[in-house]
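*Asks:* I'd like to ask you about the structure that follows.
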Amino acid sequence: MKKYLLFLLISCLTFFAQAQEKPVLEVEIQEAKTNSGMIRILIFKLPDGFPDDMDKALRSFSIPSTLPTSKLIIEDLEPGIYAISIIHDENLNGKLDTNPVGYPTEKFGFSNNPKIYFGPPSFDKAAFSLERGKKTIQIRLK
């Protein structure tokens, strides 16, 4: 009987600890051209402002560009739906540079690595679900 009660107590404590576990999001950014500049990351919880309005982003980060992969670990997000946009700001001017016809001259990427046609993807195409525990997403820069 004591073994049964001990097993039940341990099971309950384990379940409670897992239920309280916060999400940990690891973002791996791949295929940068160089180590120069910064990787600029915007995290959105809502479609409004996605992909490039820093004022409407939930969070923003700047990390050094490292080859072959740059990594960011975020431990303070709540479970929910998010979308991420990234630029490799090689010249440190804080924006995605484009040529005269509007085609990007610096690399960029989005969560879910959606296909890019004639403009950025919608929030829905880049959206992913973040639950409790650890989640790793890989974003390939284009």
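The values are calculated or read from the model by the stated rules, or taken from the named source; none is laboratory data. The structure displayed is predicted, hence computed values, not measured ones. Here the Cβ is made from the backbone with ideal geometry for all residues, glycine too, and neighbour counts use every protein chain on show.
*Asks:* Can you tell me how many residues within region 52-111 are within 16 Å of T136 (Cα to Cα), crowded, with 19+ Cβ neighbours inside 10 Å and of a type outside the set (S, T, Y)?
*Replies:* Qualifying residue count, region 52-111: 5.
*Asks:* Let me ask you something else. Return yes or no: is L46 under 17 Å from Q138 (Cα atoms), of a type outside the set (V, I, T) and modelled with pLDDT of 95 or more?
*Replies:* no
*Asks:* Mind listing whichever residues of region 46-89 are of a type in the set (A, V, I, L, M) and in a loop (DSSP other than H, G, I, E, B)?
*Replies:* The answer is L46, M54, A57, L58, L67, L77.
*Asks:* May I ask you to list pairs of residues, at least six apart or on different chains, whose Cβ atoms are under 9 Å apart, with the first in region 24-45 being in a strand (DSSP E or B) and the second being crowded, with 20+ Cβ neighbours inside 10 Å and of a type in the set (D, E, K, R)?
*Replies:* Here the result reads M38/D89; I39/D89; R40/D89, each pair linking region 24-45 to a residue that is crowded, with 20+ Cβ neighbours inside 10 Å and of a type in the set (D, E, K, R).
*Asks:* While we're looking at this one, here's another question. Among the residues of region 111-142, count how many are within 26 Å of N35 (Cα to Cα) and not in a loop (DSSP other than H, G, I, E, B).
*Replies:* Residues that pass the stated criteria total 7.
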